[in-house]
Amino acid sequence: MRDRNDLKKEVRSLLKERGAIMLAHNYQRDEVQETADLTGDSLALSQAAAESDAKVIVFCGVHFMAESAAILSPDKTVILPRLDAGCPMADMITPEDLIKEKAKRPGVPVVAYVNTSAAVKALSDICCTSANAVRVVDSLPSERVYMIPDKNLSHYVSLTSRKKMEWWQGFCPTHERLKPAEVIKAKEENPGAVFVCHPECSPEVVSLADHVCSTSGMYKYASASKAKTIIVGTEMGILYKLKKENPEKKFILASKSLICPNMKLTALEDVAEALKEMKNIVTVPADVRAKAKEALDKMLKVPRDSSS
Ligand code: 13P
Ligand code: SF4
């Protein structure tokens, strides 16, 4: 195995050579996060990709995230170091599925979680992420809303929204693995600890949470919380920055099974190789891109939920 510091230096120098910026999602491997220019949640990274002056964006995350960057920045080259890093939740709804659901609900706006393909976004009215979902749904003028693809995020939004909501039955296999019994056990073993989780967790798990938020919301919550011990209900990659930013606090992953295999695919070797060969470029056909961009642009005009 190559010396990790040498490899980090090589990646940094390749980035400079290519005029590239490296973005890493909060679930990426520690060394990928350490080497990146910016880490963040889906919303922050899409915005950074759109606002950056860099010609090349290396997106260390999963396919829908790189696709969103390509939609928002057609003049940039977007590289996904591992093209096989997908999101099973995004694959749970196809354009054909959505066309059928829309036909059942004429005139009802579709809110697509960013964890969807570009083709599905192109058929949707507006996108959302876990950081702005409540505001996006409430921003719509209609009384009814159809949300895709995550049944758990949709259920979470429906708890506070005044809208009449219906949704697709997709889910994140990683978050779905966290069981209420594991949270209860972790709470019993750590009296005084608080529990924070992602809205992709099941309603039963969400009902046990002291706070529910996006991955970036967890950093805000952790630094503001008075609790010394925080039980975390999301993918384990989040622990890297949580521990770094809060050395005096203890973080406990609510379940050992909170690992997203797709988020863990990207290694620094893949980043170096992709940059050397300028390969694994993600593109979106122009007609799909134009429609998907409308849905993403509408979302970007809606502010984040406070504390999300
Ligand atoms: P965030 O938008 O909170 O970063 O979540 C993305 C994701 O894929 C969660 O599983
Ligand atoms: Fe998709 Fe879940 Fe992995 Fe996020 S954690 S990328 S929703 S499979």
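The values are calculated or read from the model by the stated rules, or taken from the named source; none is laboratory data. Keep in mind the model is a prediction, meaning the values are calculated, not measured. Ideal geometry is used to build each Cβ from the backbone, glycine not excepted, and the neighbour counts take in all protein chains shown. Each accessible area value is taken on the protein alone, full model and side chains, heavy atoms only, with ligands, DNA and RNA left out. Shrake-Rupley method; radii C 1.70, N 1.55, O 1.52, S 1.80 Å.
Restricting region 70-112 to residues that are within 14 Å of ligand 2 (Cβ to nearest atom) and within 14 Å of Asn280 (Cβ to Cβ), the residue that is surrounded by the fewest Cβ atoms within 10 Å (Cβ to Cβ) is Asp84.
Identify, from the list Ala222, Ala186, the residue that is over 22 Å from the mean Cα position of the chain (by Cα) and either of a type in the set (Phe, Trp, Tyr) or within 20 Å of Tyr240 (Cβ to Cβ) (or both). Please lay out each step first, then the result.
Details: Ala222 fails: over 22 Å from the mean Cα position of the chain (by Cα).
Of the residues listed, the single one that is over 22 Å from the mean Cα position of the chain (by Cα) and either of a type in the set (Phe, Trp, Tyr) or within 20 Å of Tyr240 (Cβ to Cβ) (or both) is Ala186.
Highlighted here are the helices (runs of 4 or more DSSP H) found entirely within region 90-193 that include at least 3 residues which are under 30 Å from Asp210 (Cβ atoms) and of a type outside the set (D, E, K, R): 133-139, 151-160, 173-176, 180-189.
Which residue out of Arg12, Arg2 is more than 21 Å from the chain's Cα centre (by Cα) and in a helix (DSSP H, G or I)? Of the residues listed, the single one that is more than 21 Å from the chain's Cα centre (by Cα) and in a helix (DSSP H, G or I) is Arg12.
Across region 235-253, the number of residues qualifying as open to solvent by less than 10 Å² (accessible area, probe 1.4 Å) and closer than 19 Å to Cys172 by Cα comes to 3.
If only residues of region 232-282 that are of a type in the set (Lys, Arg) and out of contact with any strand residue (DSSP E or B) (no Cβ under 7 Å at 6 or more places or on another chain) are counted, the one that is farthest from ligand 2 (Cβ to nearest atom) is Lys276. Given the conditions (1) at pLDDT below 95; (2) outside any helix (DSSP H, G or I), which single one is not true for Gly217? Result: Gly217 passes all but (2).
When the residues of region 113-131 are filtered to those that are among the polar types (S, T, N, Q) and within 16 Å of ligand 2 (Cβ to nearest atom), which remaining residue is most open to solvent (accessible area, probe 1.4 Å)? Filtering region 113-131 for residues that are among the polar types (S, T, N, Q) and within 16 Å of ligand 2 (Cβ to nearest atom), the one most open to solvent (accessible area, probe 1.4 Å) comes out as Ser117. Do we have Lys76 as of a type in the set (Lys, Arg), more than 16 Å from ligand 1 (Cβ to nearest atom) and closer than 25 Å to Lys301 by Cβ here? Taking the combined requirement at face value, the residue satisfies it. Of the residues contained in region 216-234, one or more are found to be aliphatic (A, V, I, L, M), open to solvent by 20 Å² or more (accessible area, probe 1.4 Å) and over 23 Å from Lys8 (Cβ atoms).
Selection over region 154-176 of residues that are more than 11 Å from ligand 1 (Cβ to nearest atom) and touching a Lys or Arg at 6+ places or on another chain (Cβ under 8 Å) gives a count of 8.
Here is a yes/no grid of residues against (1) of a type in the set (S, T, N, Q); (2) at pLDDT below 95:
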{"residue": "Lys8", "(1), (2)": "no, no"}
{"residue": "Gly19", "(1), (2)": "no, no"}
{"residue": "Gln28", "(1), (2)": "yes, no"}
{"residue": "Ser46", "(1), (2)": "yes, yes"}
{"residue": "Ala49", "(1), (2)": "no, yes"}
{"residue": "Asp53", "(1), (2)": "no, yes"}
